[in-house]
Amino acid sequence: MIVTVASGKGGTGKTTVATGLAVAVATALDQEQAPADGTVQLIDCDVEEPNAHLFLKPAIQARREVGVLTPVVDQAKCNGCRRCAEVCAYHAIAVLGSEVLVFDELCHGCGSCATNCPERAIREELRVTGVVEEGRSGPIAFAHGILNVGEAMAVPVIRELKRRQAKNGPDRLVIRDAPPGTSCPVVECLRGADYALMVTEPTPFGLHDLRMAVGVARDELGLPVGVVINRDGVGDRGVEEYCRREGIPVLMRIPLDRRIAEACSEGVPLPVALPEYLGTFLSLYRRLQEGVGR
């Protein structure tokens, strides 16, 4: 089961929920003496600001550079036909007279220019945009991506994270901690998931962004959606009323509690800091299984 933990905005508590769920399920499986390898995997796909490692403190065992294959033009072979510029959907290539200009930052690595060049004057080279690191935090398999400073495209790093996930075998639970918002990186995190778990807060801003996130996950991608309300007890009832009208289940509530804030600031997973939440997260896991089953 692949669960993407997402939200329409930052600061709602996605990582708190993602790490809490991973720790709770891994703890329960360990108590049941289930196989430790490949049972729970957490992938931090918020590659611009990954922070799940601050909670899980994994031992990193592998590091791999990732990036985009960008064109390199052999000017001696180029005849200036402009075919490369014509087929580039991202305007990453321009031809001025006999010179071909390549704008690496715009290139999406689709390979159309090299494929369509009649003179075979274009080859592709990897332009490194970030790294993927893998390791373990006890029984939890862990991976995260780190986008290089100044890079605009997070999707290639996220795709590599998803490929690493596929190579790690049939995990019982895979949790993707998505970036905030509803842009391309979030869409990539949602693709291929079995369930979209939205973390929100009961405020007008939270409701506004939740609507957008649900629109992407449920209405565009067809995923089942459930909601976790963080800082429950403040704000208003707009989120609850919206969920009721839309038939979206509220799977878990996390109250505004100073102890929770202290645990987060110290990088301690919620079921570890407050053991009473172990059962709460296991209940969330069971409801996720039911939602995927339906």
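The values are calculated or read from the model by the stated rules, or taken from the named source; none is laboratory data. Quick caveat: nothing in here was measured; it's all calculated off a predicted structure. Cβ coordinates were reconstructed from backbone atoms using ideal geometry, including for glycine residues, and neighbour counts include every protein chain displayed.
Could you check, for the range 105-123, whether at least one of its residues is assigned to a strand (DSSP E or B), out of contact with any helix residue (DSSP H, G or I) (no Cβ under 6 Å at 6 or more places or on another chain) and surrounded by 15 or more Cβ atoms within 10 Å (Cβ to Cβ)? No: the range 105-123 contains no residue that is assigned to a strand (DSSP E or B), out of contact with any helix residue (DSSP H, G or I) (no Cβ under 6 Å at 6 or more places or on another chain) and surrounded by 15 or more Cβ atoms within 10 Å (Cβ to Cβ). The single condition among (1) in contact with a strand residue (DSSP E or B) (Cβ under 7 Å, 6 or more places away or on another chain); (2) not in a loop (DSSP other than H, G, I, E, B) that Met153 does not meet is (2). Of all residues in the range 89-112, those satisfying the criterion of being touching a residue at least 24 places away in the same chain (Cβ under 8 Å) and more than 33 Å from the chain's Cα centre (by Cα) are Glu99, Val100.
I need a count of the residues in the range 139-149 that are surrounded by fewer than 20 Cβ atoms within 10 Å (Cβ to Cβ) and either in contact with a strand residue (DSSP E or B) (Cβ under 8 Å, 6 or more places away or on another chain) or modelled with pLDDT of 95 or more (or both).
Initially, the range 139-149 is screened for residues surrounded by fewer than 20 Cβ atoms within 10 Å (Cβ to Cβ), giving 139, 146, 148-149.
Filter once more, so that each one left must be either in contact with a strand residue (DSSP E or B) (Cβ under 8 Å, 6 or more places away or on another chain) or modelled with pLDDT of 95 or more (or both): 139, 146, 148.
Count: 3.
Does Asn51 count as in the same structural domain as Ser183 (by TED's automatic domain parsing) and free of Cβ contacts under 8 Å to residues at least 60 places away in the same chain? Spelling it out, Asn51 is indeed in the same structural domain as Ser183 (by TED's automatic domain parsing) and free of Cβ contacts under 8 Å to residues at least 60 places away in the same chain.
So in the range 63-92, with the set limited to residues that are touching a Lys or Arg at 6+ places or on another chain (Cβ under 9 Å) and among the hydrophobic types (A, V, I, L, M, F, W, C), which one is farthest from Ile140 (Cα to Cα)? Before the answer, list the steps.
Initially, the range 63-92 is screened for residues touching a Lys or Arg at 6+ places or on another chain (Cβ under 9 Å), giving 64, 66-74, 77.
Within this subset, residues satisfying the condition of being among the hydrophobic types (A, V, I, L, M, F, W, C) are 66, 68-69, 72-73.
On the way: Val66: 23, Val68: 29, Leu69: 32, Val72: 41, Val73: 45 Å.
Top of the filtered list is Val73.
In the condition set (1) of a type outside the set (Phe, Trp, Tyr); (2) more than 19 Å from Leu288 (Cβ to Cβ); (3) at pLDDT 95 or above; (4) more than 21 Å from the chain's Cα centre (by Cα), Arg211 is compliant with all but (4).
Residues in the range 229-258 that are of a type in the set (Val, Ile, Thr) and within 11 Å of Gly206 (Cβ to Cβ) were compared, and the one that is modelled with the lowest pLDDT is Val234.
Checked against (1) over 15 Å from Asp46 (Cβ atoms); (2) touching a helix residue (DSSP H, G or I) at 6+ places or on another chain (Cβ under 8 Å), Pro180 meets all criteria but (1).
Condition check ((1) farther than 30 Å from Arg286 by Cβ; (2) without any contact (Cβ under 8 Å) to a residue 40 or more places away in the chain) across all residues:
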residue: Val3; (1), (2): no, no
residue: Ala22; (1), (2): no, no
residue: Lys57; (1), (2): no, no
residue: Gln61; (1), (2): yes, no
residue: Cys78; (1), (2): yes, no
residue: Val87; (1), (2): yes, yes
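Note on the range 28-57: residues that are more than 18 Å from the chain's Cα centre (by Cα) and either modelled with pLDDT of 95 or more or not β-branched (Val, Ile, Thr) (or both) total 12. Restrict the check to the range 211-230 and report whether at least one residue is basic (Lys, Arg) and either loosely packed, with under 14 Cβ neighbours inside 10 Å or on the phi > 0 side of the Ramachandran plot (or both). No, because not a single residue in the range 211-230 is basic (Lys, Arg) and either loosely packed, with under 14 Cβ neighbours inside 10 Å or on the phi > 0 side of the Ramachandran plot (or both).
For the range 150-164, state whether one or more residues are crowded, with 24+ Cβ neighbours inside 10 Å, over 14 Å from Ile2 (Cβ atoms) and in contact with a helix residue (DSSP H, G or I) (Cβ under 6 Å, 6 or more places away or on another chain). No.
Taking Tyr285, is it in contact with a helix residue (DSSP H, G or I) (Cβ under 9 Å, 6 or more places away or on another chain), farther than 22 Å from Ser183 by Cβ and assigned by TED's automatic domain parsing to the domain that holds Pro179?
On the way: in contact with a helix residue (DSSP H, G or I) (Cβ under 9 Å, 6 or more places away or on another chain): yes; farther than 22 Å from Ser183 by Cβ: yes; assigned by TED's automatic domain parsing to the domain that holds Pro179: yes.
Yes; evaluated as a whole, the condition is true for this residue.
Among the residues of the range 91-104, those that are assigned to a loop (DSSP other than H, G, I, E, B) and loosely packed, with under 13 Cβ neighbours inside 10 Å comprise His91, Gly97, Ser98. Kindly establish whether Arg136 is in a strand (DSSP E or B), more than 17 Å from the chain's Cα centre (by Cα), surrounded by fewer than 21 Cβ atoms within 10 Å (Cβ to Cβ) and touching a residue at least 24 places away in the same chain (Cβ under 8 Å). Taking the combined requirement at face value, the residue satisfies it.
Look at Val239 and say whether it is surrounded by fewer than 22 Cβ atoms within 10 Å (Cβ to Cβ), aliphatic (A, V, I, L, M) and over 26 Å from Val40 (Cα atoms). Considered against the rule, which asks whether it is surrounded by fewer than 22 Cβ atoms within 10 Å (Cβ to Cβ), aliphatic (A, V, I, L, M) and over 26 Å from Val40 (Cα atoms), Val239 comes out as no.
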